[in-house]
Amino acid sequence: MGTVTIGVSIAVPEPHGSLLQERRAGFGDPAAHCIATHVTLLPPTEVEESDLPAVEAHLSVVAAAGRPFPMRLSGTDTFRPLSPVVFIRVVEGAEACARLQQRVRDASGPVPRELQFPYHPHVTVAHGIDDAAMDRAFEELSGYAAEWPCTGFALYQQGTDGVWRKLREYPFGGAVVPTQAGHADAERGTIASR
């Protein structure tokens with residue numbers, strides 16, 4: 001069967017998601033249309049394809065124990081010079097995201113992933129582009145703000161074309177909602193590493 005690259009994230013809903021994705025593309029980030037706007041819970045992780053059912057079962061348990069929480073974004077920040085990323089800050093909901101990603105990566109679960117950097121929930125708006133474009137992203141989105149109730153997360157898989165696609169949604173405290181087969185390819189997923 002081989003391996004697949006998966007990730008888990010919280011999607012930034014419309015109209016905010018598309019707006020930030022278009023802004024990211026406008027700054028010249030080539031990954032903008034491969035990665036929908038999101039907050040990462042599990043960064044890109046390679047797993048055996050045969051382990052996907054165990055991953056899905058684990059995520060169902062995590063989601064069933066979760067409860068909706070408010071998410072609020074405000075202003076920009078950067079991981080530079082450590083990592084070439086400009087992002088929108090998560091100013092409310094960060095603690096809930098941190099708890100959630102710990103449960104997703106639980107050492108006893110099927111994806112006990114160690115992180116390259118300490119977990120810091122954020123929404124990437126520029127990654128790995130030239131410094132002038134990074135500075136522009138930082139400045140132009142410094143006044144950006146959005147808020148919504150976070151009601152779940154989703155599992156994504158990266159295709160051979162580099163595009164992330166949603167496999168399943170996991171609403172908090174409820175059953176798994178599979179992506180409709182006809183829409184899977186059209187829905188762009190949401191995983192970005194720093």
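Values quoted throughout were computed directly from the atomic coordinates according to the rules given, and no laboratory measurement underlies them. The shown structure was predicted, so the numbers you read here are calculated from the model rather than taken from an experiment. Using ideal geometry, Cβ is built from the backbone for each residue, glycine included, and neighbour counts are taken over all protein chains shown.
Pull out the extension gain between residue 80 and residue 67, defined as 0.36 nm times the separation in residues minus the alpha carbon to alpha carbon distance; nm, one decimal.
Details: separation 13, 0.36 × 13 = 4.68 nm, distance 3.34 nm.
Using 0.36 nm per residue and subtracting the Cα-Cα distance, I get 1.3 nm.
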### Query
Angle, helix 94-104 long axis vs. longest principal axis of the chain, Cα atoms, 0 to 90°, nearest 10?
40
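Taking other Cβ within 10 Å of each residue's Cβ, how do 160, 78 sort, fewest first? Present the calculation step by step, with values, prior to reporting the outcome.
Values: 160 6, 78 17.
By the 10 Å Cβ count, ascending: 160, 78.
Listing 87, 27, 153 from the residue with the fewest other Cβ atoms within 10 Å to the one with the most, what is the order? Let's see the in-between values first.
Details: 87 25, 27 22, 153 29.
So the residues, fewest neighbours to most, are 27, 87, 153.
If each residue's Cβ is checked for other Cβ atoms within 10 Å, how do 108, 83 rank with the fewest at the top? Don't jump to the answer; show the numbers that get you there.
Working: 108 6, 83 13.
Least crowded to most crowded, the residues run 108, 83.
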### Task
Can you tell me the dipole magnitude for the chain around its Cα centre, using point charges on the Cβ only (Lys, Arg +1; Asp, Glu -1), in Debye to the nearest 20?
400
### Summary
In nm, the gap between the two label points placed 7 Å beyond Cα toward Cβ at residue 115 and residue 49 is 3.1
### Summary
For segment 3-183, the charge dipole (Cβ of Lys, Arg +1; Cβ of Asp, Glu -1; about the Cα centre) points to a positive end, and the Cα of 138, 63, 21 closest to that extreme belongs to 63
### Task
As a check on your grasp of the helix formula, calculate [θ] at 222 nm for the chain: sum -39500 (n - 2.57) over DSSP H runs of n ≥ 4, divide by the residue count, round to the nearest 500.
-7500 deg cm²/dmol
### Query
Got the relative contact order for the chain handy, in percent, Cα pairs under 8 Å and 6 or more residues apart?
32
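State the extension gain, in nm to one decimal, for the chain segment bounded by residue 60 and residue 139, taking 0.36 nm per residue of separation less the distance between their alpha-carbons.
Values: separation 79, 0.36 × 79 = 28.44 nm, distance 3.92 nm.
Using 0.36 nm per residue and subtracting the Cα-Cα distance, I get 24.5 nm.
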